[in-house]
Each structure stands twice: as C-alpha cells, then as structure tokens.
Amino acid sequence: MRITIILLMTIVAGAAFGSGFAAWTYYRLPEQPSLERGIYASAIDPDKEYPTVEVDNKDFDFGSMDSQSKGTHDFIFRNVGKAPLELKKGGTTCKCTLSDIGEGIIHPGESGKVTLEWKGKTFIGPYSQTASILTNDPQHPRVELRIHGEITAKARIVPDALVFSSINAGAEAEGNVHVYSYVEGPLEIKDFEIDNPENIEVSISPLTDDEVKREKYATSGQSVDIQIKPGLPPGPFKRRILVKTNVQGAEELSIPVEGVISSEISIFGSGWSTSRGILALGTLEKGKTVRQLVVKVGGLHPEDVKFEVEEVEPEFVKVRIGEQTSLPGGRVAATPIEIEIPEGSPPGNYLGPQRLGHIRVKTTHATVKELDIKLEFLIGG
C-alpha cells in the first residue's frame, strides 16, 4: 500500500543561508501519549509489536532553482516493523502552506512517499529549510526532512515596486528601479508599455559595472528612470510599466508605480477616503441619500479658487456646489459639495473597481485643474 503526504513550502526572503527553517509543531496522535514529551522511547512494552520507520536520504540538495519556479522531491518512508506505521504532518509558523492529507498508514513491509513541494519567491541566494513528519514509531517519533540549494533568477526588478510617498501638485518627481539579469549575455530592454501614459515619462539606460556588482549574482542590468509630470489630480495614483527583455523565461517584467498627489486643495467628509479617492455611500435600499463633502483650499488667496461641476456618472446623481466661506485667519476657504442619490434611482452596482461612479469638478486653481471624486454605492432592486 502506498500513501502520499504533500507539504507545500514557499521559500521567502529572511530564511537565507541556512538560518531559517519551518517550525513544524508536533501533532498529538489520537489516543496516544504526547509526542512532545518523548514518552514512547521510555515506555516501550517488550511484548508489544511496534512499527519501525526507515527513510532513504532525509537530506535533499535541489541544486540551483529559478526563483519563479517550483521544486518537488519524494522522500520514501518504509515500515520495517511489525505494526502499521502512522504518519502525520504538523502545523507551521512560517510562510508555508500545508495541503489536507487525511490519514496516512504504511503497513509492515510496505512503503509510502512524502512529497515536498516548494516555490521560490523574490529571494536570491543559498537556502535551507526543514520539515518534520511525526510517526507512531516509539524510537523515531519525529523524522526531520531537509531541503537545501540555491535560489536564482533569470531576471528581476529591484526594488519590485516604485512608491512615491507624496508629490506636491504641480511639481515633478523622479525615481528609478534596476532591472538585473542573472544569465550570460548583456540584458536588453527591447520595449516597454505604460498602462496609462498620461503624466509619466520613462527612460532606460545601462547600469555601470560597479552598479551591477552591487547586486549579488547579477551579470548585467539596466536602469529604468521614471518621472512623474505635473498635472495628476490630487489623491492616490497607480500605474504599471511592462518591461520587455531579451532574457528567455523572463521576457516580460512588471513595475508597479504608485503614490499620492498632495496639494493646497483637500477634501473632507463622512465616508470619504483620501487614500483611495472614494466616497463610500453604502447600500441604498430605497435609492435615496444625501452626503456633503467639504473642499478646503489653502495657500495665497484661497477665496479666489472657484469650482464647477464638469461631469457626473451615473447621470442620475445630483451634485450641488455650495457657498464658499473663509475659515478663521483667512488662509483657508471651505466650499461644500452636496451629493444626492435621488429616491427612485435605478438599481445598480457601483462597488467594483471598474464600476465606480465619479464626479469631475473643474477648478480655477493654478496647478490643480480638476478634482476627481469616485463614488462607491449599491442600489438594490
């Protein structure tokens, strides 16, 4: 009789050079003394038959493996004893995923396999990790399995995303990422695509030999320089740059670019999320709600900034610009914007990223030419 126990393990940064391991917790076998106290070895009944586990080569060297690929190895367990051998897997405190294996039994004279599957993820360098299989063999209540080797990559981006914490409206911002190759031959970036090229520029240049040497195992590299141009509306933004290389197996690499445009204009109000740029209205059973936001303007002469509704989607949403007031001190002006979903509005789902409603407000501000207010709501049928 053959059984298969599968342990899925994800290799992650921080467990390099043999310093990290999967901490598998002991499993308490049903109706048996606790394995945690090692009772079996000191309470063996000489008149009772027990299983005996044998494993060929508990240590497996998987050699070199690409960071985006998956490795697998079968450890063969034999029962050379005189009673059924029970195998159990424990839980884990590391970033590993365990599949549901049910009960595993190996009868005397038979064998079974324990399959370890692991996947590299972002980490580059030597790696070692252990896993434990628990048994009802009183002499070997726990069997340690070890995999080790080296995680490599054909090409990758460092860092894996470019994040701008805050960019003043009307200002430019620059950043860059490095694309490294770990295979023979010079890295070439043949082309790139930007999912939304508005207000973003990209230039590419080769890295110097010294810059390449700073990345362990890299053989060549290119710098992707990214410039955010003035004109993006206040609030968060996200872009994605698809880089096309000449490296086989890594022909396309993705660079997320994101950040927040801050300005003298800010929005406040119940349900408003500045980080998402979304006004959450919730579920409207009768299709009726009124919400008020306040747009505050700072800087010089804030009272000179005026607002006008330019576009509303869906069309049944009503938007009214209120009367501007100056806050104490005269350096901040506040303008209310009332948003109404009229009673009797048609049913609709405006919750998904591609389904959100929106309000575009034109301004007379020198650098912030418009405000984009996204609407998140659901009208039941």
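Residues that are touching a Pro at 6+ places or on another chain (Cβ under 8 Å), open to solvent by 80 Å² or more (accessible area, probe 1.4 Å) and closer than 21 Å to GLY170 by Cβ: does the range 225-240 have at least one? Looking for residues that are touching a Pro at 6+ places or on another chain (Cβ under 8 Å), open to solvent by 80 Å² or more (accessible area, probe 1.4 Å) and closer than 21 Å to GLY170 by Cβ, one finds at least one in the range 225-240, hence yes. Listed conditions (1) open to solvent by 50 Å² or more (accessible area, probe 1.4 Å); (2) touching a His at 6+ places or on another chain (Cβ under 7 Å) are all met by LYS286, apart from (2). A search for C-beta distances below 8 Å between a residue of the range 304-330 that is among the small types (Gly, Ala, Ser) and any residue that is part of a loop (DSSP other than H, G, I, E, B) and open to solvent by 40 Å² or more (accessible area, probe 1.4 Å), counting only pairs 6+ apart in sequence or on different chains, returns SER326/VAL332.
Taking first residues from the range 176-202 that are outside any strand (DSSP E or B) and partners that are of a type in the set (Val, Ile, Thr) and open to solvent by 30 Å² or more (accessible area, probe 1.4 Å), the Cβ contacts under 8 Å between residues at least 6 apart in sequence or on separate chains come to TYR182/THR152; TYR182/THR219; VAL183/THR219; GLU184/THR219; GLY185/THR219; LEU187/THR219.
Within the range 224-243, residues that are closer than 18 Å to ILE359 by Cβ and free of Cβ contacts under 8 Å to residues at least 60 places away in the same chain have Cβ atoms under 7 Å from residues that are surrounded by 14 or more Cβ atoms within 10 Å (Cβ to Cβ) and hydrophobic (A, V, I, L, M, F, W, C) in these pairs: PRO236/VAL260; PHE237/ILE261, counting only partners at least 6 apart in sequence or on another chain.
Within the range 216-254, if we keep just the residues that are modelled with pLDDT of 90 or more and of a type in the set (D, E, K, R), the residue that is farthest from SER166 (Cα to Cα) turns out to be GLU251. The set of residues in the range 205-215 being open to solvent by 30 Å² or more (accessible area, probe 1.4 Å), modelled with pLDDT of 95 or more and in a loop (DSSP other than H, G, I, E, B) consists of THR208 alone.
Checked across the range 109-118, the condition of being within 23 Å of the chain's Cα centre (by Cα) and modelled with pLDDT under 90 holds for at least one residue. Scanning the range 267-300 for residues that are of a type in the set (A, V, I, L, M, F, W, C), within 25 Å of THR364 (Cα to Cα) and touching a strand residue (DSSP E or B) at 6+ places or on another chain (Cβ under 6 Å) turns up ILE267, PHE268, TRP272, ILE278, LEU279, LEU293, VAL294, VAL295, VAL297. What about GLY330, is it over 25 Å from VAL297 (Cα atoms) and at pLDDT below 95? No.
Suppose the filter is within 30 Å of VAL294 (Cβ to Cβ), among the hydroxyl-bearing types (Ser, Thr, Tyr), open to solvent by less than 80 Å² (accessible area, probe 1.4 Å) and in a strand (DSSP E or B); does SER254 pass it? Judged against the criteria, SER254 is not a match. Among residues of the range 70-82 that are in contact (Cβ under 8 Å) with a residue 60 or more places away in the chain and more than 12 Å from LYS113 (Cα to Cα), none has a beta-carbon under 8 Å from a residue that is surrounded by fewer than 16 Cβ atoms within 10 Å (Cβ to Cβ) and of a type in the set (A, V, I, L, M) at least six positions away or on a different chain. Here GLY249, GLY221 are screened, and the one residue that is of a type outside the set (A, V, I, L, M), over 25 Å from ARG360 (Cβ atoms) and part of a loop (DSSP other than H, G, I, E, B) is GLY249.
Screening the range 140-169 for residues that are part of a loop (DSSP other than H, G, I, E, B) and aliphatic (A, V, I, L, M) and picking the one that is surrounded by the fewest Cβ atoms within 10 Å (Cβ to Cβ) gives ALA161. Within the range 170-204, the residues that satisfy the criterion of being under 11 Å from ILE255 (Cβ atoms) and open to solvent by 60 Å² or more (accessible area, probe 1.4 Å) are ASN176, PHE192, GLU193, ASP195.
Residue count for the range 328-341 under the criterion of being open to solvent by 60 Å² or more (accessible area, probe 1.4 Å) and touching a Lys or Arg at 6+ places or on another chain (Cβ under 9 Å): the result is 0. The residue pairs whose first member lies in the range 258-276 and is in a strand (DSSP E or B), whose second member is open to solvent by 70 Å² or more (accessible area, probe 1.4 Å) and of a type in the set (Val, Ile, Thr), and whose beta carbons are closer than 8 Å, counting only pairs six or more residues apart or on different chains, are GLU258/VAL163; GLY259/VAL163; SER266/THR274; ILE267/THR274. Within the span defined as the range 342-365, every residue fails to be surrounded by fewer than 18 Cβ atoms within 10 Å (Cβ to Cβ), within 24 Å of SER262 (Cα to Cα) and among the small types (Gly, Ala, Ser).
The values are calculated or read from the model by the stated rules, or taken from the named source; none is laboratory data. Note that the coordinates shown come from a computational prediction; the quantities given were computed from them, not determined experimentally. Cβ sites come from the backbone with ideal geometry, for glycine too, and all protein chains shown count toward neighbours. Accessible surface areas use protein heavy atoms only, side chains included; no ligands, DNA or RNA. Shrake-Rupley method; radii C 1.70, N 1.55, O 1.52, S 1.80 Å.
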